[in-house]
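Notes for the one structure printed next.
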Amino acid sequence: MDMRIRDRIFEEEWKKTVISTPGSSILVVAHLLFGIFATAIIIIQSAFSFNVYIFSIWLIFGLIILLTDLFRGRNIKLSSELGFGFFFILGTILSLLLGNVYSMFFPENLGRIDILIFQISTGICVSIRFLITFFYEEFFSQEQEFIAPDSKYAKEQIEQYILNLVKTDFEYSEIEQIGLFEKWWYTLKKMIWPTISVSILITLAALYSLLIYYIIPNDAISELIIVPSLIIAAILYSILLIRLNDVIPKMQEKEKKILESEEWEEDLLEEINEEIVSS
Amino acid sequence: MEAAKHFELTKNGKAFILFGSLFIVLGLAIDNYLLVVPGFIFWIVVTSTFISYFQHQNLNLDLKLSVSKTYMRSRGLLAVATEINNSSSKAVRFKITLGISFHFRSIKTPETVYIKLQPNETKKLVWLLLAVRRGSATIGPAEISVGPFQNLFENKRILKEKINIKVLPQRPRVNIPWKTKKELLLKMVHEFAKRVKGRGDEFFALRDYLPGDEVKHIDWYATARHDRLISKEFEDERNLHFLIYLDLGGTMFGPKFEYALSSAVELSSLIRGTNHDLGVIAYSNIVKRFIVPQLGKKELSLMLNLYDLEATGVQSNFINAVKFTKNNQLLHSIAIIFSDLEGDLRKKLQGLHLLQTMGSRVIFVNFSTLDFNILASPGWLLSKSQDMDYSLVIERVFPSLVKDEYKRREKELRKILYSVGGDYIEINGYEDNIILSLYRLMKKYSPTQRLVQEALERWT
């Protein structure tokens, strides 16, 4: 006596296949590495601050991030990346709360330039990690699942079917997909203009702050002018992005109404068909 | 057909705008560039989606979806073609996803592919699909995603057309030769068809000539022998009227029901090309569907009406189905009941006597719970007990109490069937075939037994 025979036959004849895009494992490792780099740099910076609380907080957070990354493995998702960002924000807030002369933000043994280098390099690592997540979600994590014939019977069945399709509208030929590098290049090409526009913004901001420094040599007063004005500029840019969203035409509501009437018609047609068949 | 445009900033996109701004503002305020740098990256990503939206806003793609057939057998193959035309003056790269319902699996090609279209180019993509489940399946909608970062900003062209496809039950693996089927039918006609005199080709009996009889029917040899006019009588055409009672009750579920349904379809293949007819009454507590008896030539339309039946979860009531039959004057039929012995047995058997009074012959087909339940139970599947002895498995899954109860029920059913002159068939798992079981049953009927029965009928 056997279990469901037709199920067993199906498993014998068809094999479930999953395409793994070349380079996906490299991307997973890179994702993990950049996470480690970001936390490592920030842990080193907190070590230089000689503040035990801040150092232990970042050490614990770094460990949590590393462990969650390891357990998650290939399951890289944008939503799970929010947790990663959350730890960074929480760590920063806690460091600020515990901040004194020896903390990582106002240390005595690190110069301003050193702090900038540490922070910007961590920021770059985090950003690269985010970008990797994007690429992974876009090209690698797609469910590229299909079935392939395994037994002789199934193979012959497909061969015969394809032969029968020749010279019909459904003539079968393998679909030519674009290569991986073309996909990467396409996405990167789309980011050139935004990068230029944002970098122009950054340069303008830098020029503006240099100008203020030149006019008012006193650091404290000049920063009091620079920072609020940059914040206002940032808010203005985000308002611009939000306003852009409102410009996009909303087309979904109209289509729903049309669909409803179609369903009603289909039901009627089905009823008529059934009547004809049964009579 | 031009695909509908769909633009939407997703929740992720909105969160990115918010986080980007928050990071930059917060970072600048507390003089922390760790937050400022990712904030800028968020901005760049979101801005690039907006720019790609403005670039492809007016991109029109013509999409056409077609399928090679609209009804098919389960485990059959289907070809789906999508024709895409790029009428713009720019080359575009995009991702196309073909929406298919769970009844199908794609062969060799994934459902999502990335392709490139030159200006004014038309491409035809053909997917081969395998039907893995019966039911009413759909192909569509087809979605084209243009531009990067679709999870932040959906920039899509959607063809909302859905094509309905009827996937009929699977073709049985055991191909029963036509010769066997013919023999079975002949045997059934011989045993079950009601012998009525009338206008037909089959000889029935000789009798005295009566005024009004046709002259050509006079048997001259017999007339010469008896010295009076003797004429021949003919039998009416002997067609079988099959009537399948399909139980949709709560106890018929999962693999058991699927097999009952495919058995019904297989029975319909028995009458293919003949003048016998077959009707189906699917019932639970009331009659859920009635398919009027159709001649063997319309067998396919019968199957088309069967494909989307599903078992209901309520206790079935057989008497209602029989009353329905009586109201519709479906007399003198071969009533084949596809059911089991679970649940309230009285409700399942009430009505057999009524069927007998209507002149029907009853064949009760029991889809044995013992076998099908084992096949469906997780205990059987999980413990990998395929290698074990069958009797051991039955002992383990069904305690002796249950088995005794089952035997008692079977005995009761046999008793009732004996009183109505019915027959009993048991289907034990997928190894058993309804037609072969019927064949075995018909072999049991011997001509001598028939003669005795006829004599008894005359006596009473």
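Computed values, structure above
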| read-out | value |
| --- | --- |
| Structure-based [θ]222 nm, chain B - -39500 (n - 2.57) summed over DSSP H runs of at least 4, per residue, nearest 500 | -12000 deg cm²/dmol |
| Links that overshoot a 26 Å alpha carbon limit, given the list A:LYS152/B:LYS297; B:LYS181/B:LYS297; B:LYS5/B:LYS90 | A:LYS152/B:LYS297 |
| Two-site label geometry, A:SER197 and A:ILE212: point separation in nm, points 7 Å out along Cα→Cβ | 2.5 |
| 5 angstrom amide H check on B:TYR71, placed H, neighbours 5+ away | B:LYS166 |
| Cβ-derived FRET efficiency at R0 35 Å, A:ILE36 paired with B:GLU431, nearest 0.05 | 0.05 |
| Nearest 10 degrees, 0 to 90: helix B:254-270 Cα axis against chain B principal axis | 50 |
| Computed FRET value (nearest 0.05) for B:GLN57 with B:LEU18, which takes r as the C-beta separation and R₀ as 22 Å | 0.35 |
| Separation between Cα centres of segment B:60-104 and segment A:164-193, rounded to whole Å | 14 |
| Solvent-accessible area per residue, Å², over segment A:20-147 with all protein chains present [probe radius 1.4 Å] | 48 |
| Farthest toward positive dipole pole in segment A:20-147 [+1 Lys/Arg, -1 Asp/Glu at C-beta], among A:CYS125, A:PHE87, A:SER46 | A:SER46 |
| Using alpha-carbon coordinates, inclination of helix B:434-444 to the longest axis of chain B, degrees | 10 |
| Shape of segment B:1-54, Cα gyration tensor, a/c cut at 1.5 | prolate |
| Three-way shape call for segment A:20-147 based on the alpha-carbon gyration tensor, with the a/c threshold at 1.5 | prolate |
| Per residue value of the accessible surface for chain B (all protein chains in place, 1.4 Å probe), Å² | 46 |
| Residue mean of other protein chain beta carbons inside 10 Å, B:148-154 | 5 |
| Contour excess over end-to-end distance, with Cα ends at B:ASP227 and B:ARG73 and 0.36 nm allotted per residue | 49.0 nm |
| Order of exposure, largest accessible area first, which applies to B:ARG346, B:ARG408 with probe 1.4 Å | B:ARG346, B:ARG408 |
| Dipole moment magnitude, nearest 20 debye, segment B:222-317 about Cα centre, only Lys, Arg, Asp, Glu C-beta charged | 160 |
| List of segment A:154-178 residues, accessible area with partners at least 40 Å² below that of the chain alone (1.4 Å probe) | A:GLN157, A:ILE158, A:TYR161, A:ASP169, A:PHE170, A:TYR172, A:ILE175, A:GLN177, A:ILE178 |
| Helix axis angle, B:447-459 relative to chain B longest principal axis, alpha carbon, degrees | 70 |
| FRET efficiency, 1/(1 + (r/R0)^6) with R0 22 Å, evaluated for A:LEU180 and A:VAL29 via beta carbons | 0.85 |
| Exercise: per-residue mean of other protein chain Cβ atoms within 10 Å, B:104-113 | 6 |
| Dipole of segment B:13-86, positive end: most advanced residue of B:PHE19, B:SER48, B:MET72 [Cβ charges, Cα centre] | B:MET72 |
| Members of segment A:212-240 that become less accessible by 10 Å² or more once partner protein chains are added (1.4 angstrom probe, chain alone as reference) | A:VAL227, A:LEU230, A:ILE231, A:ALA234, A:ILE235, A:TYR237, A:SER238 |
| Dipole moment magnitude, nearest 20 debye, chain B about Cα centre, only Lys, Arg, Asp, Glu C-beta charged | 500 |
| Karplus 3J(HN,Hα) series, Hz, for segment B:76-92 with 6.51 cos²θ - 1.76 cosθ + 1.60 (x for Gly, Pro) | x, 9, 9, 9, 10, 10, 10, 10, 10, 10, 9, 8, 7, 9, 10, 6, 10 |
| Difference of contour (0.36 nm per residue) and Cα-Cα distance, B:ALA29 to B:LYS297 | 88.1 nm |
| Contour excess over end-to-end distance, with Cα ends at A:VAL227 and A:ARG112 and 0.36 nm allotted per residue | 39.8 nm |
| With all protein chains modelled, accessible area of B:ASP432 [1.4 Å, Å²] | 30 |
| Summed buried accessible surface, chains B and A, 1.4 Å probe, nearest 100 Å² | 8700 |
| Nonlocal amide H pairs with B:LEU248, under 5 Å, H built at 1.01 Å | B:TYR283, B:SER284 |
| Cβ neighbours within 10 Å from other chains - mean over B:408-420 | 0 |
| Positive-end residue of B:THR112, B:LEU243, B:GLN57, charge dipole of chain B with Cβ unit charges | B:GLN57 |
| Placed amide H near B:PHE104: partners under 5 Å, 5+ positions off or other chain | B:VAL132 |
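The values are calculated or read from the model by the stated rules, or taken from the named source; none is laboratory data. Because the structure is a prediction, the values reported are computed rather than measured. Glycine also receives a Cβ, built like all others from the backbone with ideal geometry; neighbour counts cover every protein chain displayed. Ligands, DNA and RNA are excluded from the accessible area calculation, which covers all protein heavy atoms including side chains. Shrake-Rupley method; radii C 1.70, N 1.55, O 1.52, S 1.80 Å.
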